[in-house]
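This report concerns only the one structure given below.
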Amino acid sequence: MKEKSSPGDFRLLLQNELADRCKNNPRYSLRAFAQHLGVGSSDLSKFIRRKRQLSEPTLIKLATRLGLDPEVTERYRQSVNGSDKVSRLDEYHQISMDQFHLIADWYHFGILELMKVKGFRPEPTWIAQQLGITVSEVNIAVQRLMRIGFLEISAKGKWLDRVGATTTVNSQFTTVAKRLLQRQILEKAMAALEDVDYERRNQSSVLMAVNSKNLPAAKNLIRKFRRDLSQLLEKGNKKDQLYYLTVSLFPLLKTNGGSHE
C-alpha cells in the first residue's frame, strides 16, 4: 500500500484559515476564531505561535470544528503526537504556502516598508491600524516573514529587515499569487479614488490606438519609470507614508487587430 503523505503543519492550517476569514471579514479576529473552535483565544494564540504544544483531544476537537475529513485529522494527529518536529515534506509544504502568501498578500511587504517610516512602532495593534488590516493578519504575517527569513526580531524586541540577506523567493505558485496581489492592489486603488483627497493621489488614464509591435519597448519604459519614481520618492531619511504605484496597460479589443482577417 502506498504510504500517504503528511498533510502539513496543523499550525499552518489554522493560520491560513484565520487569515482567509479575516480577509473575507475585516472585523473577524483571533478571539472570534477561538470562539468558533471552542477554545480560549490565549491558548489558540500560543499554539499558533509555537509557544504551546497541542494535545490530541484538542487537535481532534479543532479539526472536527473545521470540518476536516477524519482520515486527514488522523494524519494530523500522528504528525503532532509526541513530537513538535516538522518533517521535510511538511517543511516544504509550509515554505511553499508561506512564499505564496508572501507574494499574494500585499501587507507582508507593507509591514517591511512600514518599518522604514518615521515613528514606526513594532506593535501589532498599531501596525494593523496603520495598514487597515486586522491584528490577526499582522501576527500571521510577522510569523510568516520570520519563517521565510525576511524579518528578525532580536532578543530585545527590535525588528530587523533581513530581505537583503535572504535568497529570492521562488514559489511554484508565483503566477497565481501575482494575479491575486494585483487584484488586491486594484481594489485598493479603487477605494483610494473615493476615500483619498485628490491632493494626495494621482490617478489618470489615456486611451490609445497602438502598434502592438511596440509593446515590448513600452513595457521597458514602464519598468524604468517605476524604478526612477521609486528612487525619487525614497530619497531622504524622513519617510512618513506608504504609497502604492500601479500602472495598468491592457488591450480593449478581443482580437489582435481592429478587424478580422
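Worth a mention:
- Helices (runs of 4 or more DSSP H) fully within segment 1-110 that include at least 3 residues being at pLDDT 80 or above and over 22 Å from ALA141 (Cα atoms): 56-65.
- Cβ pairs under 7 Å, 6+ apart, first in segment 136-148 and within 16 Å of GLN99 (Cβ to Cβ), second of a type in the set (Gly, Ala, Ser): ILE140/ALA19
Listed here are the residues, each with its yes/no results for (1) modelled with pLDDT of 85 or more; (2) surrounded by 10 or more Cβ atoms within 10 Å (Cβ to Cβ); (3) at positive phi.
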| position | (1), (2), (3) |
| --- | --- |
| VAL196 | yes, yes, no |
| ASN211 | yes, no, no |
| LEU215 | yes, yes, no |
| ALA218 | yes, yes, no |
| TYR243 | yes, yes, no |
| PRO251 | no, yes, no |
| LYS254 | no, no, no |
| GLY258 | no, no, no |
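- Residue pairs whose Cβ atoms lie under 6 Å apart, separated by 6 or more positions or on different chains, with the first residue in segment 22-33 and among the aromatic types (Phe, Trp, Tyr) and the second surrounded by 14 or more Cβ atoms within 10 Å (Cβ to Cβ) and not in a loop (DSSP other than H, G, I, E, B), are TYR28/ARG21; TYR28/CYS22; PHE33/LEU18.
- Within segment 101-130, residues that are touching a residue at least 60 places away in the same chain (Cβ under 8 Å) and β-branched (Val, Ile, Thr) sit with their Cβ atoms under 7 Å from residues that are buried (at least 19 other Cβ atoms within 10 Å of the Cβ) and not in a loop (DSSP other than H, G, I, E, B), at 6+ positions apart or across chains, in these pairs: ILE103/ALA177.
- In segment 128-149, the qualifying residues are those that are within 21 Å of LEU245 (Cβ to Cβ) and in a loop (DSSP other than H, G, I, E, B), and the one that is farthest from the chain's Cα centre (by Cα) is GLY132.
- Counting residues in segment 145-161 that are among the small types (Gly, Ala, Ser) and touching a Ser or Thr at 6+ places or on another chain (Cβ under 6 Å) gives one or more.
- Residue in segment 118-127 that is outside any strand (DSSP E or B), hydrophobic (A, V, I, L, M, F, W, C), at pLDDT 85 or above and crowded, with 18+ Cβ neighbours inside 10 Å present: yes
- Checking LEU145 against (1) modelled with pLDDT of 90 or more; (2) over 23 Å from GLU234 (Cα atoms); (3) of a type outside the set (Ser, Thr, Tyr), the condition it does not meet: (2)
- Restricting attention to segment 34-62, the residues being farther than 21 Å from ARG147 by Cα, in contact (Cβ under 8 Å) with a residue 40 or more places away in the chain and touching a Lys or Arg at 6+ places or on another chain (Cβ under 9 Å) number 1.
- Test: ASN202 is assigned to a loop (DSSP other than H, G, I, E, B) and over 18 Å from the mean Cα position of the chain (by Cα): yes
The values are calculated or read from the model by the stated rules, or taken from the named source; none is laboratory data. Remember, it's a predicted structure, so these values are computed and weren't measured experimentally. Cβ sites come from the backbone with ideal geometry, for glycine too, and all protein chains shown count toward neighbours.
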